[in-house]
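Undergrad: Okay, here's the structure, questions in a sec.
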Amino acid sequence: MIIFSKPHMMIFFFFMFLSSSMSSMAAELNDQASILLSIKSDLIDPLDHLKDWKLSEQQQQRNPHCNWTGIVCNSVGDIEKLDLSRRNLSGKVSDEIQLLRSLVSIDLCCNGFSSALPRSFSNLTLLRTVDLSQNYFVDSFPEGLGMAVGLTLLNASSNNFSGNIPVDIGNNTGLETLDLRGNFFVGSIPVSFRNLRKLKFLGLSGNNLTGLIPREIGELSALESVVLGYNEFVGGIPAEFGNLTNLKYLDLAYGNLGGSIPPELGNLKALEAMFLYKNNFRGKIPLEIGKLTYLTQLDLSDNMLSGEIPSEISALKSLQLFNVMSNRLTGSIPSGISNLTWLGILELWNNSFSGSLPDDLGFNSPLEWVDVSSNSFTGRIPENLCRRGNLTKLILFNNAFSGPIPVGLSTCDTLVRVRVQNNFLSGVIPVGFGSLEKLQRLELANNNLTGQIPNDISSSPSLSFIDFSRNQLQSALPSLIFSIPNLQNFLVSDNKLIGKIPNQFQDCPSLSILDLSSNQFTGPIPASIASCQKLVYLNLRNNQLSGEIPVPISMMGTLAVLDLSNNSLTGGIPENFGNSPALESLNVSYNRLQGPVPANGMLRTINPGDVAGNDGLCSNVLPPCTGNQVSDSWHKGLHMKHVIAGWVIGMSVLLAVLLAAFAGKALYDRWYTNGGCFEERFEMGKGDWPWRLMAFQKLNFNSNDILNCVKESNVVGLGATGIVYKAEIHRNNTVVAVKKLWSTKNDIELGSSAGDFVGEVDVLGKLRHRNIVRLLGFLYNDKNAMIVYEYMTNGSLGEALHGQGRLLVDWVLRYNIAVGVAQGLAYLHHDCHPPVIHRDVKPNNILLDENLEARIADFGLARMIVKKNETVSMVAGSYGYIAPEYGYTLKVDEKSDIYSYGVVLMELITGKRPVEPEYGDSVDIVEWVRRKVRDNKPLTKVVDPNVGNCKHVEEEMLLVLRIALICTARLPKDRPSMRDVVSMLEEARPRRKSSSNTNNGGLSSGTNGKDRPVFSPSPVNDLL
């Protein structure tokens, strides 16, 4: 037995303790490696960035995990920093991350994480910096992070976090940067933020925050940047913001803020940028803004500000951008603005300014962009706008400027656009514009310019748009004017131009619009125009042109509109016009044309007014060709003899064919009794007119083909405006849809107002948009009318939503349909002249093609039987979709369509019909949703559970529901335009990762930048 002395015993136990401690420490370090491996097991790493995260028996070095990718350890081997940024990772963040208790920094930026952040994340109380930005994290942000009292940076921007902002973030009193931009946070800004006395950057833009902006934010005197825009706040800017004396950057754009701009903002002596655009601010621009001497960018555009621009603005000596467009400002421009030596962007358009611009504007300023259009400015255009050689865009249209165009503009090498149309400018067009290598648009229309078109315009290497129309120009056209290589639009109508049209069209590869109308051009039409392969619009009316219509022009494959009226053209109408694949409008009226109008293609149904005023013409739409006309034409020359002879022969053949047709009718019916759609014959009615087919494009069927298909067995739909038939024409494998419009006693008969009705249908037949069902033709007589249009294989949106097929089980599909309908309506409202108002927008009038892309159908045709007016004699539309004001005012405008569209959006979101028993008596879907909002009930209960089956999708659907509520505002003035709706939908589009992302190892293109606007300092900021 060994007996230890007391000193030896102490040494023995000391070594035992040391050995145990070292074993414990080694075990702990080994545990950290295991934790990392556990974290790795929940990650998806397609590019194998973390391939060195592994343990092997051969590894002998101490703390091997400290050498792994993205890991930084302290001196004793504890993990202090975890940096996995920009490594194309996805999957989820493991709950075991909380076991890395020594972690002071974590960076997961710019990956593809789309899961929730574990609640245990808040147990990392030693954290100082956290960067989770540019991922797809969902659900609420973990509470408890306020216990990390040393936290200085928290960046969770550009994710899909939702719910309220955790109040306990206010406990992180050492926080210097808080960036939560571009999420779906709701509720108000926590008042607890008043504790963040060291905060320098506060970014909350691009969320769904509501309520008042807390005045307590004004206590955070260390703040340098405040970015709160793109939210739905109420109230205005707290006056306490004037206490933020260190503030350099203030962005409250798109914040739904109102009231007046507080004069206390003039105390922000360090402020360099202020963006308050797209709000509802009223009142005057505070004089105190003139105290912000470091201000470089000031954007107050798109508000309701009134009064004058204060002269104190001239004291902002560092100002580079000044934008007050789209307000209600009046008065003249302070002369001191011309002394701002850094001013580059001056945006004043769409106000009510008057007076003249400062004479020396541009003399001291490096102006790049000047837009003062749509005001009431008078006086001369300042001479020195381009003195510093930076001017790119000069936009002055819709004012009352007078005097000559400054010569200095024609030598401004940086110019890209000059738009000075609709003024009272006089004098000549200065020589030199053709030498400007960057100039693309030169718009001088509707002024009092005289003299000639400078020859140097022909040598321009860059001009694409030239508009000199509605002036007093008196010269001939430069001989090489059509040789400009990039020229697309050339408009010189309503001048006094003379001479022949230059026959130099061989080098015009891009020309699409050519308008030489209402001048004094003489001579023949150059046949070389036909070499312009992209020409769509050609207008030569009201000139003194002579000779025959060149046959090559009738064979142009892209020409859609041709107007040759009011000239002295002779000869006949080339029959090739009828075969043109694109021609939609041909006007040859009031010339000296002779002979029969060709009866092929679109010429069969040409408007009589488009061929009137030619005494020698005859056709089925004009007085019939008589023997006397034939005899008179025979004396005009050998060529016309041949024409008449051919015509007589043709008439004889036509009579023979008609006789044969009557004789063979019974045999024809017998042959096709059992085939396709020829079983039953459509009864024509008792009208005096025969059926007539107006074709809107080249068709491979005739009226008989359509009439033979209009029978009960082919009915595919019934609606408020008529019966829809599916017409299968077997002889050429064509399938079209035919709608026979209802005819009632109250309708105005076509026989009494056919011209107006057919003319209106003709306009609608020319609509061209991917989201508008294309009308192919219009079949009518004096008692009945039928519309022929594309057949849509997937039926209507109403069937897809409420039928048994369940085609639309994905939110992205429904969203795309919503966007398509919005784009179609925007086209009708904004791009058609005059605007087309649908008046019956509903799912049954929205058709789906083979790709489930939306096409608007039935747009107002049935209602056009009633004479068009400001009001109508009955409420047009369908119950549940009619705007509330429509029933008592009977006013017809775009806002009615927008209300109906909002109802359609609600159907797409809820999956319910506009009227359901569950809503209650006399309650429609709009009021049902409004009550949910008023009662503070969760709107997640409103979304269709078959589509909104996860929180992320629910949030996307609720974004669109907000748009639907705006569209269905009770007052028409509170509803947006369809263009605004399209923009809002763009901001609310679903954010989906491509299904190929994990296969190809790449992130989607949206990974490094959010789809939804998060921080946009100014619409024109990129120019600085």
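Undergrad: Only residues in the range 730-745 that are more than 11 Å from I787 (Cα to Cα) count as the first member; pair them with residues that are modelled with pLDDT under 85 and assigned to a strand (DSSP E or B), Cβ under 7 angstrom, at least 6 apart or cross-chain, and list the lot.
TA: Close Cβ pairs satisfying both conditions: W742/G722.
Undergrad: Could you tell me whether any residue of the range 535-551 is in contact with a Lys or Arg (Cβ under 6 Å, 6 or more places away or on another chain), more than 19 Å from L622 (Cβ to Cβ), surrounded by fewer than 22 Cβ atoms within 10 Å (Cβ to Cβ) and assigned by TED's automatic domain parsing to the domain that holds P502? It would help to see each step written out before you state the result.
TA: Applying the first criterion (in contact with a Lys or Arg (Cβ under 6 Å, 6 or more places away or on another chain)) to the range 535-551 yields none.
Among the residues of the range 535-551, not one is in contact with a Lys or Arg (Cβ under 6 Å, 6 or more places away or on another chain), more than 19 Å from L622 (Cβ to Cβ), surrounded by fewer than 22 Cβ atoms within 10 Å (Cβ to Cβ) and assigned by TED's automatic domain parsing to the domain that holds P502, which makes the answer no.
Undergrad: Residue under question is R855, and the condition is that it be charged (D, E, K, R) and under 14 Å from L905 (Cβ atoms); does it hold?
TA: Values: charged (D, E, K, R): yes; under 14 Å from L905 (Cβ atoms): no.
Criteria not met by R855.
Undergrad: Please verify whether the range 962-971 includes one or more residues that are under 26 Å from R181 (Cβ atoms), assigned to a loop (DSSP other than H, G, I, E, B) and either outside the structural domain of L813 (by TED's automatic domain parsing) or at pLDDT 65 or above (or both).
TA: Taking the range 962-971 as the starting set, the residues that turn out to be under 26 Å from R181 (Cβ atoms) are 962-966.
Subsequent filtering for residues that are assigned to a loop (DSSP other than H, G, I, E, B) retains none.
No, the conditions are met nowhere in the range 962-971.
Undergrad: Which one is surrounded by the fewest Cβ atoms within 10 Å (Cβ to Cβ), of the residues in the range 556-583 that are of a type in the set (G, A, S), at negative phi and touching a strand residue (DSSP E or B) at 6+ places or on another chain (Cβ under 6 Å)? Before the answer, list the steps.
TA: The initial filter retains those residues of the range 556-583 that are of a type in the set (G, A, S), namely 557, 560, 565, 568, 571-572, 578, 580, 582.
If we keep only those that are at negative phi too, we end up with 557, 560, 565, 568, 572, 578, 580, 582.
Narrowing the set further to residues that are touching a strand residue (DSSP E or B) at 6+ places or on another chain (Cβ under 6 Å) leaves 565, 568, 572.
Details: S565: 24, S568: 13, G572: 20.
For the range 556-583, the residue satisfying everything is S568.
Undergrad: Assuming M694 fulfils every condition listed in (1) assigned to a strand (DSSP E or B); (2) modelled with pLDDT under 80; (3) surrounded by fewer than 19 Cβ atoms within 10 Å (Cβ to Cβ) apart from one, which condition is it?
TA: (3)
Undergrad: I would also like to ask the following. Residues of the range 490-509 being buried (at least 19 other Cβ atoms within 10 Å of the Cβ) and either in a loop (DSSP other than H, G, I, E, B) or not hydrophobic (A, V, I, L, M, F, W, C) (or both), which ones?
TA: Filtering the range 490-509 down to residues buried (at least 19 other Cβ atoms within 10 Å of the Cβ) leaves 490-495, 497, 501, 505, 508.
V492, S493, D494, N495, L497, I501, F505, C508 - these are the residues of the range 490-509 that are buried (at least 19 other Cβ atoms within 10 Å of the Cβ) and either in a loop (DSSP other than H, G, I, E, B) or not hydrophobic (A, V, I, L, M, F, W, C) (or both).
Undergrad: With the structure loaded, tell me whether D563 is in contact with a Lys or Arg (Cβ under 6 Å, 6 or more places away or on another chain) and within 28 Å of C625 (Cβ to Cβ) or whether it fails that test.
TA: Working: in contact with a Lys or Arg (Cβ under 6 Å, 6 or more places away or on another chain): yes; within 28 Å of C625 (Cβ to Cβ): yes.
Spelling it out, D563 is indeed in contact with a Lys or Arg (Cβ under 6 Å, 6 or more places away or on another chain) and within 28 Å of C625 (Cβ to Cβ).
Undergrad: Next up: Could you tell me which of the residues A222, A253 is among the aliphatic types (A, V, I, L, M), at negative phi and crowded, with 22+ Cβ neighbours inside 10 Å? Break it down stepwise before answering.
TA: On the way: A222 fails: crowded, with 22+ Cβ neighbours inside 10 Å.
Result: A253 is the single residue among A222, A253 that is among the aliphatic types (A, V, I, L, M), at negative phi and crowded, with 22+ Cβ neighbours inside 10 Å.
Undergrad: Continuing with this model, one more query. From the residues in the range 782-814 that are surrounded by 22 or more Cβ atoms within 10 Å (Cβ to Cβ) and of a type in the set (S, T, Y), which one is nearest to E986 (Cα to Cα)?
TA: S796
Undergrad: Consider V809 carefully, then state whether it is in a loop (DSSP other than H, G, I, E, B), under 22 Å from L958 (Cβ atoms) and at pLDDT below 85. Give the derivation first.
TA: Details: in a loop (DSSP other than H, G, I, E, B): yes; under 22 Å from L958 (Cβ atoms): yes; at pLDDT below 85: yes.
Taking the combined requirement at face value, the residue satisfies it.
Undergrad: When you go through L99, L180 one by one, which is the residue that is buried (at least 17 other Cβ atoms within 10 Å of the Cβ), in contact (Cβ under 8 Å) with a residue 12 or more places away in the chain, under 23 Å from D78 (Cα atoms) and not small (G, A, S)? Spell out how you get there, then give the answer.
TA: On the way: L180 fails: under 23 Å from D78 (Cα atoms).
Going through L99, L180 in turn, just one is buried (at least 17 other Cβ atoms within 10 Å of the Cβ), in contact (Cβ under 8 Å) with a residue 12 or more places away in the chain, under 23 Å from D78 (Cα atoms) and not small (G, A, S): L99.
Undergrad: Any idea which of G182, G206, G229, G236 is within 19 Å of P142 (Cβ to Cβ) and under 33 Å from the mean Cα position of the chain (by Cα)? Walk me through how you get there before you give the answer.
TA: Values: G206 fails: within 19 Å of P142 (Cβ to Cβ); G229 fails: within 19 Å of P142 (Cβ to Cβ); G236 fails: within 19 Å of P142 (Cβ to Cβ).
From the options G182, G206, G229, G236, the qualifying one is G182.
Undergrad: Applying the selection to the range 113-139, what residues are at pLDDT 90 or above, small (G, A, S) and in a loop (DSSP other than H, G, I, E, B)?
TA: Once the filter is applied, which keeps residues that are at pLDDT 90 or above, small (G, A, S) and in a loop (DSSP other than H, G, I, E, B), the range 113-139 yields S115, S133.
Undergrad: Are any of the residues in the range 19-40 at pLDDT 90 or above and either among the small types (G, A, S) or in a loop (DSSP other than H, G, I, E, B) (or both)?
TA: yes
Undergrad: Is it fair to say V929 is touching a helix residue (DSSP H, G or I) at 6+ places or on another chain (Cβ under 9 Å) and under 17 Å from P884 (Cα atoms)? Can you show your working first?
TA: Details: touching a helix residue (DSSP H, G or I) at 6+ places or on another chain (Cβ under 9 Å): yes; under 17 Å from P884 (Cα atoms): yes.
It is true that V929 is touching a helix residue (DSSP H, G or I) at 6+ places or on another chain (Cβ under 9 Å) and under 17 Å from P884 (Cα atoms).
The values are calculated or read from the model by the stated rules, or taken from the named source; none is laboratory data. Remember, it's a predicted structure, so these values are computed and weren't measured experimentally. Neighbour counts are summed over all protein chains in view; Cβ atoms, including those assigned to glycine, are modelled from backbone coordinates with ideal geometry.
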